[in-house]
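One structure is given below, encoded as structure tokens.
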Amino acid sequence: MNSILLKKLPLYYTLGIILLTATLAYITTNYFDGKEKNKILELSESKNSCTYNIERMEGYPFIKPILFVDDLCEGDALAGMKKEITSLIENYKNYQGVISASVYIKEFNHNEWMAVNEEEKYEPGSLFKVPILIAYLKMNEEHPGVLDKELLFNQSFNIDKVVAYKSNSIQLGKAYKVRDLLKYMIVYSDNNATALLNNNLKSEVLLKLFKDLELELPNVSAKQYFFTTKQYSLFMRAIFNASYLSIDDSEYAAELLSKCQFNDGIRKGVPASIKMAHKFGESGTPSEKQLHESAIVYLENKPYLLTVMTKGKDNASLSKLISEISALVYKDQSNKSS
């Protein structure tokens, strides 16, 4: 009898272990697999909830260079700053005579962006000088020597603009190299230099730039053209990414923009030690001023792009709003780890 039990006990013991192991394996597999499946599902839903848009340059037989890669959703990390900027704009609309204001931010390291009042369009004024700069540099790439060509400023231009922010201007009767005229146009925002350059610009090069960036083609003879902040920012992004011009020409354009002498907007919200490449523009009517600025701010190893466009009753309030928005963005970005 005892010998029979001794023979059977190991079998029962073995079966018990097998049963216990199977039970534990079932529970473990279902519990952890379920968690993993949920994680995979969450990641999948997260990736599918917001896709990327890739813009490529056309016109080449074998290649399609990448111009921009954009997440179609705004960055979560910029949501808090968006609330602050929106609140600031509303305050200026209620108490400072501001009619409207729009903001676009691109944080380059993580490719995140954010926009306020994204659909509003503005007349760019002198901001349009940046695409003219890009077009001339593209002309020089295609036909070296363009920048050294001399143009004679021998007649006054009928420039129908009342300019609040004046600086150096070219002198009537003098000849200037194109590269010097570009400096007057960008650094000093000189409208005479711009008009002289426009008279010698190949319109097809400018139109191709707009087409490549998937922007509405401008009527070169029209007095007005309109941008949203996000649309205009494409020009500054193309320079920063060196995705349209050569690396050397992109660097040249950014260096010129870094010497822009307008200091009443974004510059006021950023410490003087921080480099900036920027351009401002003013337009509108005597009863409705427009003041805009777009800047690449080289914050240590965390560069970002800020474009602000505004409408209001006076430039003093508009420039102050731009500087306060700039200060908010700088504070937010400088407080974040890279």
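The values are calculated or read from the model by the stated rules, or taken from the named source; none is laboratory data. Keep in mind it's a predicted model, so treat the numbers as computed, not measured. Here the Cβ is made from the backbone with ideal geometry for all residues, glycine too, and neighbour counts use every protein chain on show. For the accessible areas, the whole protein counts, side chains as well, though only heavy atoms, and no ligand, DNA or RNA atoms are used. Shrake-Rupley method; radii C 1.70, N 1.55, O 1.52, S 1.80 Å.
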Top-ranked residue of the stretch 253-270 - restricted to ones that are open to solvent by less than 60 Å² (accessible area, probe 1.4 Å) and assigned to a helix (DSSP H, G or I), ranked as nearest to Met309 (Cα to Cα): Ile266
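Yes/no matrix, rows are residues, columns are (1) over 24 Å from Ser294 (Cα atoms); (2) modelled with pLDDT of 95 or more; (3) open to solvent by 40 Å² or more (accessible area, probe 1.4 Å); (4) part of a helix (DSSP H, G or I):
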| site | (1), (2), (3), (4) |
| --- | --- |
| Ile132 | no, yes, no, yes |
| Leu137 | no, yes, no, yes |
| Gln155 | yes, no, yes, no |
| Met185 | no, yes, no, yes |
| Leu201 | no, yes, no, no |
Please go through the stretch 97-130 and give me each residue that is farther than 24 Å from Leu209 by Cα, assigned to a strand (DSSP E or B) and not polar (S, T, N, Q), ordered by number. Val98, Ile99, Ala101, Glu112, Met114, Val116
For the stretch 76-96, does any single residue satisfy the condition of being among the charged types (D, E, K, R), open to solvent by 30 Å² or more (accessible area, probe 1.4 Å) and not in a helix (DSSP H, G or I)? no
Any chance the stretch 213-224 includes a residue that's open to solvent by less than 20 Å² (accessible area, probe 1.4 Å), of a type outside the set (Val, Ile, Thr), in contact (Cβ under 8 Å) with a residue 40 or more places away in the chain and within 23 Å of Glu55 (Cβ to Cβ)? yes
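Is it the case, given these coordinates, that Val220 is out of contact with any Asp or Glu (no Cβ under 7 Å at 6 or more places or on another chain), β-branched (Val, Ile, Thr) and at pLDDT below 95? If you could, list the steps in order and put the result at the bottom.
Numbers: out of contact with any Asp or Glu (no Cβ under 7 Å at 6 or more places or on another chain): yes; β-branched (Val, Ile, Thr): yes; at pLDDT below 95: yes.
In short, yes.
Do we find that Glu90 is over 19 Å from Gly281 (Cα atoms) and touching a helix residue (DSSP H, G or I) at 6+ places or on another chain (Cβ under 7 Å) in this structure?
Values: over 19 Å from Gly281 (Cα atoms): yes; touching a helix residue (DSSP H, G or I) at 6+ places or on another chain (Cβ under 7 Å): no.
No: the conditions fail for Glu90.
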Pull out all pairs, ordered by first then second residue, where Cβ-Cβ is under 6 Å, the residues are six or more apart or on different chains, the first lies in the stretch 175-202 and is among the small types (Gly, Ala, Ser), and the second is surrounded by 19 or more Cβ atoms within 10 Å (Cβ to Cβ) and outside any loop (DSSP other than H, G, I, E, B). Ser189/Ser126; Ala193/Leu181; Ala193/Tyr184; Ala193/Met185
Name the residue, out of Ser243, Ser233, that is open to solvent by less than 30 Å² (accessible area, probe 1.4 Å), in contact (Cβ under 8 Å) with a residue 60 or more places away in the chain, farther than 24 Å from Ile89 by Cβ and small (Gly, Ala, Ser). Ser243
Restricting attention to the stretch 97-130, and to residues there that are among the aromatic types (Phe, Trp, Tyr) and under 17 Å from Gly284 (Cα atoms), which single residue is most open to solvent (accessible area, probe 1.4 Å)? Phe128
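Considering the stretch 271-287 alone, what residues qualify as being among the charged types (D, E, K, R) and open to solvent by less than 80 Å² (accessible area, probe 1.4 Å)? If you could, list the steps in order and put the result at the bottom.
From the stretch 271-287, those among the charged types (D, E, K, R) are 275, 279, 282; that's our starting set.
Those that are among the charged types (D, E, K, R) and open to solvent by less than 80 Å² (accessible area, probe 1.4 Å): Lys279, Glu282.
Could you list, in sequence order, the residues of the stretch 203-231 that are in a helix (DSSP H, G or I) and polar (S, T, N, Q)?
So in the stretch 203-231, the residues in a helix (DSSP H, G or I) come out as 203-212, 229-231.
Selection gives Ser203, Thr229, Gln231.
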Of all residues in the stretch 296-338 being farther than 20 Å from Tyr92 by Cα and among the small types (Gly, Ala, Ser), the one that is least open to solvent (accessible area, probe 1.4 Å): Ser334
With the structure loaded, tell me whether Leu234 is under 18 Å from Ser126 (Cβ atoms), more than 19 Å from the chain's Cα centre (by Cα), of a type in the set (A, V, I, L, M, F, W, C) and assigned to a helix (DSSP H, G or I) or whether it fails that test. no
